[in-house]
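S.K.: Have a look at this one before I ask anything.
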Amino acid sequence: AYARGKEAKELMTILGEAALSDDDKLFAKFAEEFDEHDNISTHLVLFLQDEAVACCRFFALEQADAYKLGRIAVRKPYRGQNLGLALMQKAEAVLKERGAHTLIIYSQAHAQGFYEKLGYVAQGDLFLEEGVLHRHMEKHI
């Protein structure tokens with residue numbers, strides 16, 4: 001499903017489960033809070049039989065034709081079924097329709113390989129965000 005800000009409860013459920021299942025309580029604070037970008041973001045939520053199983057968000061950056069994707073998560077029981085791939089393909093298709101040329105992700109270090117397979121290229125060094133190692137990655141479409 002394609003929605004804008006309506007599935008806040010489902011988004012937080014997915015993010016909270018993904019965070020807690022990965023590194024116990026490390027991400028709990030991050031996953032349960034909204035930030036200043038939520039109100040300007042488009043949120044995509046992937047549903048299977050009326051259950052929200054994956055999500056992401058994206059928003060335009062000041063740089064012309066550039067968007068930042070984030071809060072990308074698949075609930076643990078649904079991992080390994082290419083749902084993350086399907087979600088990213090949908091997000092990229094929507095962004096291409098909007099005229100995007102540059103996509104930016106701050107990938108958690110452990111997920112870098114997933115994004116590389118999708119054509120994202122690492123930029124710069126690893127950095128800490130919310131206590132977790134991340135890498136700036138970009139893709140030009």
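S.K.: Of the heavy-atom accessible surface of segment 75-141 (probe 1.4 angstrom), what whole percent is carbon and sulfur?
M.R.: The nonpolar share, carbon plus sulfur, comes to 50 percent.
S.K.: Another question, if that's okay. Quick one: give the max-minus-min coordinate of the C-alpha atoms of segment 31-136 along each principal axis, largest first, in Å.
M.R.: Principal extents (Cα only, largest first): 38, 30, 29 Å.
S.K.: Another question, if that's okay. Mind checking segment 64-141 for trypsin sites (Lys or Arg not before Pro) that DSSP puts in a loop (not H, G, I, E or B) and that have at most 13 other Cβ atoms within 10 Å?
M.R.: The qualifying sites are Arg98.
S.K.: May I ask you to derive the FRET efficiency for Phe127 and Ala66 from their Cβ-Cβ distance with R0 = 30 Å, giving the value to the nearest 0.05?
M.R.: 0.95
S.K.: Further, regarding this structure: Residue by residue, what Karplus-based ³J(HN,Hα) values in Hz, rounded to whole numbers, does segment 121-128 have, using 6.51, -1.76 and 1.60 with θ = phi - 60° and x for Gly and Pro?
M.R.: Using θ = phi - 60°, the values come out as 10, 5, 10, x, 8, 5, 9, 8 Hz.
S.K.: Name the residue from Ala91, Ala66, Thr42 whose Cα lies farthest towards the positive end of the charge dipole of segment 35-118, charges +1 on Cβ of Lys and Arg and -1 on Cβ of Asp and Glu.
M.R.: It is Ala91.
S.K.: Let me ask you something else. Any chance you could list P(r) for segment 72-115, counting all Cα-Cα pairs in 10 angstrom bins from zero, rounded to whole %?
M.R.: The distribution over segment 72-115 is 23, 52, 23, 2, given as percents.
The values are calculated or read from the model by the stated rules, or taken from the named source; none is laboratory data. Predicted, not measured: the structure shown is a model, and the values here were computed from it. Virtual Cβ from ideal backbone geometry, glycine too; neighbours counted across all protein chains shown. The accessibility values were calculated without ligands, DNA or RNA, using every heavy atom of the protein model including side chains. Shrake-Rupley method; radii C 1.70, N 1.55, O 1.52, S 1.80 Å.
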